[in-house]
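Taking it in order: structure first as structure tokens, then the write-up.
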Amino acid sequence: MTNMQQGWFADPTKAGQLRWWDGNIWTEHVSREGVTLIDPLAGDAPAIAKRVPVWAWIGIAVVTIVALFLFRPLLALVALVILVTAIVGLTRGTPTWLRLRTRNIAIGAIAASAAVLLVSAGVSAAVPGASDQGLVTEAVSGPESASPIASPTRSATPTPTQTPTPTPVVTTREEVVREAIPFERTNADDPNRPRGQNAVTTAGMDGERTLTYTVTLTDGVETGRAVASDVVSRPPTTEVTSVGVYDAPKPAEPAPAPPQSGGGCDSNYADGCVPIASDVDCAGGSGNGPAYFQGPARVVGSDVYDLDSDNDGIACE
């Protein structure tokens, strides 16, 4: 039984009238040209044809797809033969061996075979390694003539086996490098140091810089290096040289020699007038006179005043 709803449907037992279906069975009520009559059933009337359920259509689609994958070359060949035969019958107006009696039927056969060929070509493109090989000949017979049709031949080219490229191993590590920072030199004036006397008063010392590198290794070989940090771990000490700028004052001019007493020059001395007195000292010395001599003078006799202290023959030099 079907699940058709109740209503008027074509009478399965008699043409030209409608019979009432109550949802389960055929009834005795019929309708002829709009007039309702009672017409008992002569026997069991066939049930209304059942509709094909959805799952049946799905099954048909699955079977068709599987057939395209498994029997694609054969289906493509059959479709090609039907396509060519239908075209010949359409152009010549003959039914050929397909018995295509009308133009519409021939056009439908052409469209169906062309669709099968397109679907087969799509499957060939979608399935890797799918190819048609060999030459298949099919005789297309008919009342007019027949000619063999050869399917295209594709030669399978072997795909060369490629050696897989090894994946490089990339690693990183840190490397610490310490570098010296050279010290600088400078001069500073020292007013307490005599001019011309210089001395290093602050010793110079190199500093130190710590560099941290990120090293990139590819298969154990260094391929890159980048500075991660740069820190001055010890600053350099500048060397200072003190330069003397002190100038000592000039000595005072000696006081003029007091006037010599005695009114003459002692003959024991030459090249200078050593006065004749009870005692003569060199001017500017530590002697207490009373007479003084502003030397020098050459001792030519006896050094009576002890003016040649170093006994070199020159007095008050």
Self-check item: Protection-proxy order for peptides 85-91, 213-219, each taking the mean of Cβ atoms within 10 Å per residue, highest first
Solution: 85-91, 213-219
Quiz prompt | Where labels lie 7 Å past Cα in the beta-carbon direction, separation of residue 208 and residue 311 in nm | solution = 6.8
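Hey, got the dipole for the stretch 170-246? About the Cα centre, +1 on K and R Cβ, -1 on D and E Cβ, debye to the nearest 20?
The calculated dipole for the stretch 170-246 is roughly 280 debye.
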Quiz item: Cα atoms only, the stretch 256-317: Rg and Dmax in Å?
Solution: 10.1, 28
Exercise. Compute the length gained on full extension between residue 229 and residue 300: take 0.36 nm times their separation in residues and subtract their Cα-Cα distance, giving the result in nm to one decimal.
Key: 16.6 nm
Quiz item: Roughly speaking, what is the stretch gain from residue 218 to residue 64, that is 0.36 nm per residue apart minus the C-alpha to C-alpha distance, in nm to one decimal?
Solution: 50.0 nm
Quiz item: What is the packing order of peptides 291-302, 110-121, taking the mean over residues of other C-beta atoms within 10 Å and listing the highest first?
Solution: 291-302, 110-121
Practice problem: Mind listing the long-range amide H neighbours of residue 289? Cut-off is under 5 Å, sequence gap 5 or more, other chains count too, H placed in the peptide plane at 1.01 Å from N. | Solution: 281
Quiz prompt | Additional length obtainable on full extension of the chain from residue 186 to residue 273, 0.36 nm per residue less Cα span | solution = 25.5 nm
Quiz item: By average Cβ neighbour count within 10 Å, what is the ranking of 26-32, 244-250, 75-81 from highest down?
Solution: 75-81, 26-32, 244-250
Exercise. Just the number, please: Stokes-Einstein D of the stretch 170-246 in µm²/s, Kirkwood Rh from C-alpha pairs, 10 °C, 1.306 mPa s.
Key: 103
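Computed from the coordinates by the stated procedures, all read-outs in this text should not be read as laboratory data. All values reported here derive from a predicted model rather than from experimental measurement. As a convention, Cβ positions derive from the backbone with ideal geometry for all residues, glycine included, and neighbour counts pool all protein chains shown.
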